[in-house]
Amino acid sequence: MNNLTPQNIPTATSVLAQFFERFPELPIGEFYTHGVKVTHDSNCISCATPIKAGQLCHDSDFITNTFGDAPSLKSFSKNQGYLCCHCRVAISYGPSTMQFSYAAVGRDNAAGGEMKALKIFGVEDFIAAVYNPLDAPFVMVRKERKKQHMIWKGKVNLHDVRKEDLLFFSSGETTLFCHPQRVLNVAAKEQELLAQVRDYLSSKPDKKAPKKKVRQLKELVRFMQMNVNLCAPAIVFNDCRHESYGITDSAILERIDALCEVIRQFSSGDRQIYAHLRKLAYLKKTQDFKSMVAQLSPREVDMKAIIEGKPPAADADGTD
């Protein structure tokens, strides 16, 4: 484990600690000055960071049985393992388990490499953070239920998320990966195909009046099924070959089939991003996905409110 997790590789909790360094007013100093000193080399039972003999750390005695992740940590006694100071802050400090259970934390190279934290509480915040990713080291976590503590379990993106079009993020207890730009292109392509279908039907020669009125094909993937659970969306395709849609052009049908196959092969993370894009477009009453995304601006975590001890403000854009 020591070979796989050397001291210089960032963990989710060390990334959070780097961000907290910007705010010396935070009451977290005692976590770094009070604890236990190990008598032998060990590893943090949470992030696996090496802990050297004599180094200050914490045992797991502070974790109560009501703590949601107690089964994962409580089984370790002080003779079996310890928590590093960063993980203790992430698990014990109130805002770490609340505001930072739906946040993106990383470096902003455009601001001189300053560490920043973005809110991803609601649908709009989530999509804004996904399409305006911070720079490495970068962690994104979002809880799916109440009393779910997230930041200490997050996975760190050590690469250029935007350049490689690859983002790892934690949703509930699951670590997912997605390709944000690819998903955005697919959502935009879907609208292009739907426009082609409308043009085709409007220009189709009316040699014989249809027995039934042709239904307008408004979507390839049914939004209402996805909207039931945006974190684990059900992908249900419309039957575009059904006679009620009136599409008989083989070239158009082949293009629809090809796009549906791309969506069918989405990773779980891609599906979640796609569902949230569709949800946000529904809320904003637009089908121009690229323009919608271009206009989004991430919101930073309100550290002033945290320092002053104020409760998290209600979000206007809703939650999942």
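Coordinate-derived values only; no laboratory data. Everything numeric in this text was worked out from a predicted model, so none of it was measured. Here Cβ is always computed from backbone atoms with ideal geometry, including for glycine, and neighbour counts include all displayed protein chains.
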- Task: Enumerate the aspartates and glutamates that Lys204 could reach by cross-link, defined here as Cα to Cα under 12 Å, with residues fewer than 8 away along the same chain left out.
- Result: Asp249
- Query: Given only helices, namely DSSP H runs of n ≥ 4 each adding -39500 (n - 2.57), what is the per-residue ellipticity at 222 nm of the chain, to the nearest 500 deg cm²/dmol?
  - Reply: -10000 deg cm²/dmol
- Note on the structure: If the chain between Ala251 and Glu300 were fully extended at 0.36 nm per residue, the gain over the current Cα-Cα distance would be 13.0 nm
- Within segment 78-174, which trypsin sites (Lys or Arg not before Pro) sit in a loop by DSSP and count at most 11 neighbouring Cβ atoms inside 10 Å? Arg145, Lys146, Lys147
- Query: Among all the aspartates and glutamates, which ones have a C-alpha under 17 Å from Lys153's C-alpha, if same-chain residues fewer than 8 places away are not counted?
  - Reply: Asp69, Glu144, Glu173
- Item | Links that overshoot a 23 Å alpha carbon limit, given the list Lys218/Lys290; Lys119/Lys146; Lys189/Lys285; Lys155/Lys310 | Lys155/Lys310
- Note on the structure: The rounded separation in angstrom of the Cα centers of segment 280-303 and segment 42-65 is 41
- Item | Förster-model FRET efficiency, 30 Å R0, Ala111 and Asn8, C-beta, rounded to 0.05 | 0.80
- Query: Can you give the alpha-carbon Rg of segment 83-193 over 2.2 N^0.38 Å, where N counts its residues?
  - Reply: 1.11
- Item | Point-to-point label distance, Lys146-Glu261, nm (Cα→Cβ direction, 7 Å offset) | 4.7
- Query: When the dipole is taken about the Cα centre of the chain, and only Lys, Arg (+1) and Asp, Glu (-1) are charged at their Cβ, what size is it in debye, to the nearest 20?
  - Reply: 1040
- Can you pull the one-decimal nm distance between simple spin-label points at Glu173 and Arg22, each 7 Å off the Cα toward Cβ? 3.3
- Lys285 to Gln181: extension gain in nm, 0.36 nm per residue of separation minus the Cα-Cα distance? 35.3 nm
- Work out how much length Thr64 to Glu308 would gain on full extension: take 0.36 nm times their residue separation and subtract the Cα-Cα distance, in nm to one decimal. 85.1 nm
